[in-house]
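S.K.: One structure, as structure tokens, below. Some questions next.
The values are calculated or read from the model by the stated rules, or taken from the named source; none is laboratory data. These figures come from a predicted structure and were not determined experimentally. Cβ sites come from the backbone with ideal geometry, for glycine too, and all protein chains shown count toward neighbours. The area values use the complete protein model at the heavy-atom level, side chains included, leaving out ligands, DNA and RNA. Shrake-Rupley method; radii C 1.70, N 1.55, O 1.52, S 1.80 Å.
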Amino acid sequence: MTIQTSLQLFTIKEQLEADLEGTLSAVAARGFTAVEPYDFVRRAEPLAAALSAAGLTAPSGHAFLASESFVNPDGSGTTIPVPTPDVVFAAAKVLGMDTVIDPYTEPARWESIAQIEETARLLNAAAEIGATVGVRVGYHNHAHELEAVFDGVTGLEVLAGLLDERVVLEVDLYWVARGGVDPVALLQRLGDRVIAVHAKDGTLDPALAGAYPPADQVAAGEGSVPLVEAIAAAPALELAIVEFDHYEGDLFDAIERSRVFLDEKVAG
């Protein structure tokens, strides 16, 4: 199966807010043909127009499907309501998106099997709705789903065992490593469930990685995360997605270096 390189647009969130069209044109100029939008419901129409003008597609996107309110990137909850799954999927169709991935659930929801069962129930219900309009549902991990362990099994793997077969996984390889789990072995265990990865790299230096956003992230192939080996362990992989939570240097240079590495090592 061909693996397509993409870019999670959260990486360039500030630039997008300042200049949607110009920023997406800059992404295309760096050699990308696909992106993964976030927070796309509120701006589906202008985003679709800007993507088309830049020659970009959005095969996947991030939207909350298993939370009633918005969750901040640092894991803290809010009281800001999120759109219902049917509204999310309608926006996805505007963008030509066929997979919507829940980006995050609060760490406090990974303290018991019962909590994970409830998350699985919500994702399965969303998948049922998505199936009626041709949109696939997935889940994206951070570190806490791996740090939660039940009888020797990570929380993410517990979730995978509870999901409807139509629900897929997008594994963030950096956060897996940060959670103390071998990304290669994890993807081997998860098998065909994984259709996308965030091919995110970092030095994993505890002195830099401890806070949010982490300060150790580097261009793909320049850190300690075994990206190529992990991707090779995912037999059903469709998307290898570049993402940075934070980067101190030239961000567009870093995303282009990441794309070149992935295109050379794993795409196609």
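S.K.: Just need the Rg to Rh number for segment 74-215, please, alpha carbons only, Kirkwood Rh. Show your work: numbers first, answer last.
M.R.: Working: Rg = 15.3 Å, Rh = 15.9 Å.
Using only Cα positions, Rg/Rh for segment 74-215 is 0.96.
S.K.: Tell me, what is the FRET efficiency for Glu248 and Thr33 to the nearest 0.05, using R0 = 41 angstrom and their Cβ-Cβ distance as r? Write out the running numbers ahead of the final one.
M.R.: Details: r = 27 Å, r/R0 = 0.67.
Taking R0 as 41 Å, the efficiency between Glu248 and Thr33 is 0.90.
S.K.: Next question. Per-residue accessible area for Thr33 at 1.4 Å probe radius, Å² rounded to 10?
M.R.: 80
S.K.: Please quote Rg/Rh for segment 72-143 to two decimal places, taking the Kirkwood radius as Rh and restricting both calculations to Cα atoms. Provide the component values of the computation, followed by the final result.
M.R.: Working: Rg = 13.0 Å, Rh = 13.3 Å.
A ratio of 0.98.
S.K.: Eigenvalues of the Cα gyration tensor times 5, then square-rooted: what semi-axes does that give for the chain, in whole angstrom, largest first? List each step's numbers first, then the result.
M.R.: Working: eigenvalues 124, 105, 63 Å².
Here the semi-axes work out to 25, 23, 18 Å.
S.K.: Right, another one. Need one number for segment 131-230: average projected area of the convex hull over its C-alpha atoms, nm².
M.R.: Working: hull surface 28.4 nm².
Averaging across all directions leaves 7.1 nm² for the Cα convex hull.
S.K.: Three principal axis extents, largest first, for the C-alpha atoms of segment 204-268, in Å?
M.R.: 34, 23, 16
S.K.: If you don't mind, there's one more thing I want to ask. Taking segment 7-150 on its own, what percent of its Cα-Cα pair distances exceed 19 Å? Intermediate values should be presented prior to the final figure.
M.R.: Details: 5412 of 10296 pairs.
Every Cα pair in segment 7-150 considered, those over 19 Å come to 53 percent.
S.K.: Taking segment 124-206, which GluC sites (Glu not before Pro) meet the DSSP loop condition and have no more than 12 other C-beta atoms within 10 Å?
M.R.: Working: sites: Glu128, Glu145, Glu147, Glu157, Glu165, Glu170; in loops: Glu165.
Sites meeting the loop and neighbour criteria: Glu165.
S.K.: Would you please put 59-69, 73-83 in order of how densely packed they are, using the mean number of other Cβ atoms within 10 angstrom per residue and starting with the highest?
M.R.: On the way: 59-69: 21.3, 73-83: 12.7.
Result, highest mean first: 59-69, 73-83.
S.K.: Given 20 °C and 1.002 mPa s, how large is the Stokes-Einstein diffusion coefficient of segment 179-222 in µm²/s, with Rh as the Kirkwood radius over Cα pairs? Intermediate values should be presented prior to the final figure.
M.R.: Numbers: Rh = 12.0 Å.
Answer, rounded: 178 µm²/s.
S.K.: Where a Cα-Cα gap under 27 Å defines reach, which lysines qualify for Lys200, not counting those fewer than 8 residues away within the same chain?
M.R.: Lys13, Lys265
S.K.: List the trypsin sites (Lys or Arg not before Pro) within segment 116-179 that DSSP assigns to loop and that have no more than 16 neighbouring Cβ atoms inside 10 Å. Spell out each step's value before the answer.
M.R.: Values: sites: Arg121, Arg136, Arg166, Arg178; in loops: Arg166.
Sites meeting the loop and neighbour criteria: Arg166.
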